[in-house]
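In what follows, a structure is listed as structure tokens, so that the remarks can point back to it.
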Amino acid sequence: MTTSTTAESSASTPLLDLQALVVAVRRRRRLWSAMALLGLLAGAAVAVLIPPPPTAVTKVLVAHQEDQPNDTGTLIRTDVELLGTTRIAEKALRSLKSPEKPEDFMRDYRGAGLTNNLLQITVTGDSDAEATARAKALADAFVADHVKRMRDTATAEAKALLDQRDRMRDELAQVNKAIGEGSPESGPKASANMESLFARRAELTSRITDFGQRAAEARTGTPKVVAGTQVVDAPRAVRHSLPKAAATNAGIGLVLGLVLGLVVAAVGTVVADRPVLRREIAANLGASVIAELPRRSGRLWQRRRIRAARERLTASLARTVRGSAEPVSLLELGCARSASVIALDLAAALAPDGPFVIVDALPGRQLAGRRQKPGDPTVVSGKRAADLSYEERRFGVGSVAPGTAWTDLQYLGTQTVLVVRAGHGNAAWLHTVARQLADQGIEVIGVVLIDPDPRDRTDGTLWNGLHTALRGHGERQARQNSGGTSHAVKAVGEGQLRTERQPMWATRVPDSDQEAR
């Protein structure tokens with residue numbers, strides 16, 4: 001039975017709850033909003049404090065002998081790589097009469113192939129005039145180098161063809177000589193030899209003519225390449241707009257900061273494992289969420305509904321305290337101020353029933369250190385709680401934050417309402433709180449959730465009954481059956497525990513305009 005229940009629980013719990021992740025990241029909007037704003041300011045500052053260097057640009061039309069309509073850009077990519085060689089850089093520096101090293105100069109310019117035959121050269125310098133001069137020198141050096149390479153290629157090709165033609169001519173001369181020296185004998189063998197010589201002479205003559213034509217074509221193609229390779233866009237300085245650059249850099253910084261902030265918020269949420277949804281907090285504490293209140297007073301149009309929700313919560317707690325024979329306490333986790341306000345409202349609601357004492361065990365003396373006003377309830381510190389008589393009506397206000405003295409909580413009340421701030425404690429600590437309260441025999445009546453997510457639609461009610469302090473609840477029932485009495489029962493003089501309590505209705509007060517339940 002236990003094995004099957006554990007398996008079903010493991011199967012129903014997702015490895016990563018996307019809804020909880022989205023809610024937790026949205027709650028940390030201050031983090032990623034601040035990082036986005038920081039990125040925006042950093043981008044704008046970079047544009048202002050580190051402006052781009054003076055830049056000049058020029059465009060060169062490059063003609064190739066191997067140009068084809070279906071070329072994929074291989075030739076222009078080769079030209080871009082040739083532009084970034086020390087040979088081109090050295091020629092440009094020589095024309096500029098600059099002592100700069102070619103390796104250093106190569107870092108100040110770059111080439112880009114716009115089309116299969118159009119090369120763009122971008123150069124930076126100390127000033128616009130220097131950048132323009134550098135661009136012109138680079139374009140001229142590249143054009144000269146490209147023309148020289150094309151001419152050398154055409155010359156080498158033509159020379160090879162002419163050399164082959166000359167060898168063919170020498171062989172043709174030998175064939176003609178053999179034909180002239182042929183014997184006048186008429187026989188089948190002599191006739192065959194002469195026919196072979198004449199056929200060879202015709203073939204050599206045709207090949208000599210072909211090689212001559214190909215050499216001429218090789219020479220003819222070079223002028224087209226030379227005329228086609230030229231600077232089509234004269235070097236000019238690029239004008240930079242500071243507002244445009246600042247806006248562009250600020251937009252990039254905003255996006256990068258926002259993405260980085262969201263990533264940091266998401267990773268931090270997963271690592272911290274701090275429940276923010278009602279269902280998670282109720283499941284980890286083993287008690288239902290009975291009310292929700294914002295951490296702050298809220299916007300102007302929300303204050304009326306928040307005040308009404310506080311009044312409903314106070315009335316519900318007052319009915320519970322009046323109907324319980326055992327002392328009730330408020331234990332906070334991450335919201336000491338909210339717990340003290342709820343305690344003061346509850347004391348004011350119980351004032352007509354007679355004197356009431358608040359035992360303040362909150363960190364920092366939230367209640368005991370405040371200035372008393374006429375009509376305020378009596379507040380004593382946790383150290384003086386032992387001096388109170390059992391006849392005095394009281395309830396305690398304490399904390400279950402890390403460092404809590406767990407054994408002292410039972411003196412504040414054997415029944416408690418947890419006032420928990422959403423997203424404050426991690427899942428492990430919520431489990432620790434539930435386990436420690438159960439060990440101390442303190443029954444958790446419910447949970448008041450402070451600062452809930454306004455878009456949370458999960459159910460914070462545990463329909464299968466109370467889970468926290470099941471052992472304490474069982475022990476309390478055992479003490480009732482065995483005739484044990486509590487301090488409150490002794491004070492009243494009753495012979496057995498009275499465990500009836502009024503129902504507590506859940507109240508929800510979101511930060512948005514949605515209706516309170």
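The values are calculated or read from the model by the stated rules, or taken from the named source; none is laboratory data. Bear in mind the structure is a predicted one, so any value in this text is a computation, not a measurement. Neighbour counts are summed over all protein chains in view; Cβ atoms, including those assigned to glycine, are modelled from backbone coordinates with ideal geometry. Side chains included, ligands, DNA and RNA excluded: accessible areas come from the protein's heavy atoms. Shrake-Rupley method; radii C 1.70, N 1.55, O 1.52, S 1.80 Å.
Structural remarks
- L346 being over 39 Å from the mean Cα position of the chain (by Cα) and at pLDDT 90 or above: no
- Residue in the range 300-323 that is closer than 30 Å to Q436 by Cα, assigned to a loop (DSSP other than H, G, I, E, B) and in contact (Cβ under 8 Å) with a residue 60 or more places away in the chain present: no
- Residue in the range 228-263 that is nearest to S33 (Cα to Cα), counting only those that are open to solvent by 50 Å² or more (accessible area, probe 1.4 Å) and small (G, A, S): A247
- When residues of the range 190-219 are limited to those that are open to solvent by 80 Å² or more (accessible area, probe 1.4 Å) and free of Cβ contacts under 8 Å to residues at least 24 places away in the same chain, the one farthest from R134 (Cα to Cα): N193
- Count of the range 324-352 residues which are within 19 Å of Y411 (Cβ to Cβ) and free of Cβ contacts under 8 Å to residues at least 24 places away in the same chain: 0
- In the range 403-428, the residues that are over 25 Å from V380 (Cβ atoms) and surrounded by fewer than 17 Cβ atoms within 10 Å (Cβ to Cβ): N426, A427, A428
- Of all residues in the range 284-297 being of a type in the set (G, A, S) and either open to solvent by less than 30 Å² (accessible area, probe 1.4 Å) or modelled with pLDDT of 80 or more (or both), the one that is nearest to V448 (Cα to Cα): A291
- Qualifying residue in the range 103-117 (condition: within 26 Å of T222 (Cβ to Cβ), of a type outside the set (V, I, T) and part of a strand (DSSP E or B)): yes
- Selection status of S297, among the hydroxyl-bearing types (S, T, Y) and in a loop (DSSP other than H, G, I, E, B): yes
- Considering only residues in the range 310-362 that are in contact with a Lys or Arg (Cβ under 7 Å, 6 or more places away or on another chain) and within 24 Å of D451 (Cα to Cα), the one that is most open to solvent (accessible area, probe 1.4 Å) turns out to be D345.
- Of the candidates R307, R274, the single residue that is open to solvent by 10 Å² or more (accessible area, probe 1.4 Å), over 31 Å from the mean Cα position of the chain (by Cα) and either modelled with pLDDT of 85 or more or not aliphatic (A, V, I, L, M) (or both) is R307.
- Evaluation of P99 against (1) part of a helix (DSSP H, G or I); (2) under 24 Å from A237 (Cα atoms); (3) open to solvent by 70 Å² or more (accessible area, probe 1.4 Å) (one fails), failing number: (1)
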